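A quick write-up on the structure given underneath.
Just so it is clear, none of the values below were taken in a lab; they were calculated from the coordinates. From a predicted model like this one, the values you see are computed outputs, not experimental measurements. Cβ placement follows ideal geometry from the backbone for every residue including glycine, while neighbour counts extend to all protein chains displayed.
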Amino acid sequence: MVVTICSHNMPSDLEQRPYNLYRAGPRSLRARLRGEQEEVGLPDPGKPDDDGGYRRYRAGRRGLWGGRITLGRVLIALAIAIVSWLLLSFVLFMVSATQQAGTIPAAAKAELTSGGNMLTSANTVLILGTDQRPKTGPGSKEPGSDYNDAGSNSDTIMLWRVGGGVSRRLSIPRDTATDIPGVGVAKINAAYSAGGPALALRAIKQFTGLQINHIIIVNLAAFPKFIDAIGGITLQTDKVCSTISGGTADGGFTLDLSAGVHHLSGEQALILARTRENSCNPAENDLTREMRQQQILNAIKSKLTSPTTFFRLPWASWYAPQAIRSDMSGLTLLSLFAASEIGGSAPTQVLQPSGSEVLPGGGDALTVSPSAVHNAVSKLVSG
């Protein structure tokens, strides 16, 4: 006898039970940083959902790259962030420096002598600050402002010997009498107004007997922005009561500092650098101003090496090239900054006059003996 078994209503062991698979939604940034991760795995028997399907969740402590968070991974992430920050700062610096290229006349570049890499050899850099005023912003409304570079006087004249582990400076008072080529005996700052940076270079080389490798002309309009970009500078001063061009009320500047340590903004640093007459100390003069300018440069250098400046580095990198006009390319400027850090803070040195004389065209000028010039230059070069 043959028995036929009908299996229409009987479940088969081979029959697959229906499962609903669910994928977790996008995790929040906070969950990602904590390392939380939801995964859909194999069904978890015994925990059906409302539809009879099964859903399984597993929470894991995973890092941004799918692995567990470890100290090594955290350090790698930190290193990548630091390198990216430095790379951004480098790109901004190079772009800003490229925009400033070509601002030094070819005639001035012809007066310069190649000095080699400043990381390994000492170069002589001439720093000039003119009395040209910006057309907008602080100082733009000063009475009698000269807005053109042509005809401006170089109120700041500083020689910087830097590179190969050396950093020394020498300031030359602007009223120092010298024989300017093609002009005659006059104040040394008149060379710039008579023939621009090229004649200024020629006159200063003749006066000091030095070959000059690079030139920097400070941009008064951008200088305060650079100081603010690095977070200001800290400087110790005597009591300063300064009124420039009639003070703030007349479109000039006013600065009042008590004796002590001060944190200065960009505008305050600029006023202090320009202060020649201090009503709180009438004995101060242009030589005092030259010393303060060197102290301000040292304060800038100290701030650039401060850990807090790292967080401001992209802004500082952008404004640094804009604060100056120079023959140097972006990479050469970077080597200058690196060389200055290696050389340390430069001691202040100002060329001391021995007397005064009446100029052929009228007016008084300071005189410096040839031996005093020789000794000051020797100290600049050899220490």
**Message:** Can you compute 3J(HN,Hα) from phi for each residue in the stretch 99-111, using the Karplus curve 6.51 cos²θ - 1.76 cosθ + 1.60 with θ = phi - 60°, rounded to whole Hz and x for Gly and Pro?
**Reply:** 5, 8, 5, x, 8, 9, x, 4, 5, 6, 4, 5, 7
**Asked** For the stretch 195-252, what does the alpha-carbon gyration tensor say about shape, rounded, prolate or oblate, given a ≥ b ≥ c as the root eigenvalues, a/c under 1.5 as rounded, and a/b over b/c as prolate?
**Response** prolate
**Prompt:** What relative contact order, as a whole-number percentage, does the stretch 94-352 give when Cα pairs under 8 Å and 6 or more residues apart are counted?
**Reply:** 27
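Taking 0.36 nm per residue of separation and subtracting the Cα-Cα distance, what length does fully extending SER279 through THR309 add?
Details: separation 30, 0.36 × 30 = 10.80 nm, distance 3.44 nm.
Answer, rounded to one decimal: 7.4 nm.
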**Fill in**
If amide H atoms are modeled at 1.01 Å from N in the peptide plane, then the residues at a separation of 5 or more from ASN123, or on another chain, having amide H under 5 Å from its own are VAL162, GLY163
**Request:** Order by neighbour count: HIS374, HIS214, HIS262, fewest other Cβ atoms within 10 Å first, most last.
**Result:** HIS374, HIS262, HIS214
**Complete:** Final fewest-first order of TYR319, TYR192 on the 10 Å Cβ neighbour count is TYR319, TYR192
**Complete:** Contour minus Cα-Cα span, THR70 to ASP364, at 0.36 nm per residue, comes to 98.5 nm
**Prompt:** For the residue pair GLU341 and THR98, what label-to-label distance in nm results when each label sits 7 Å from Cα along the Cα-to-beta-carbon direction?
**Reply:** 2.3
**Request:** For an R0 of 41 angstrom, estimate the FRET efficiency from the Cβ-Cβ distance between ALA79 and ALA107 and round to the nearest 0.05.
**Result:** 0.30
**Fill in**
Sorted by chain and number, the residues with a modelled amide H under 5 Å from that of VAL185, at a separation of 5 or more or across chains, are ILE180
**Asked** With θ set to phi - 60° and the Karplus curve 6.51 cos²θ - 1.76 cosθ + 1.60, what are the ³J(HN,Hα) couplings of the stretch 208-223 in order, to the nearest whole Hz, using x for Gly and Pro?
**Response** 9, x, 9, 8, 10, 9, 8, 10, 10, 10, 6, 9, 5, 5, 9, 4
**Item:** SER154 long-range amide H proximity, modeled H, under 5 Å
**Value:** TYR192, SER193
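For an R0 of 25 angstrom, estimate the FRET efficiency from the Cβ-Cβ distance between GLN352 and THR234 and round to the nearest 0.05. Present the calculation step by step, with values, prior to reporting the outcome.
On the way: r = 28 Å, r/R0 = 1.13.
Given R0 = 25 Å and the Cβ-Cβ separation, E is 0.35.
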**Asked** Taking the Cα centre of each part, how many Å lie between the stretch 180-208 and the stretch 235-294?
**Response** 28
**Fill in**
The residues VAL185, VAL162, sorted from fewest to most surrounding Cβ atoms within 10 Å, come out as VAL185, VAL162
**Asked** Gap in Å between the Cα centre of the stretch 80-122 and the Cα centre of the stretch 303-330?
**Response** 11
**Complete:** Gyration tensor on Cα atoms of the stretch 94-352, a ≥ b ≥ c root eigenvalues, a/c under 1.5 rounded, else prolate if a/b beats b/c, else oblate, says rounded
**Request:** For the stretch 179-265, build the charge dipole from Cβ charges (+1 Lys, Arg; -1 Asp, Glu) around the Cα centre, then report which of VAL183, ILE233, ALA249 sits farthest towards its positive end.
**Result:** VAL183
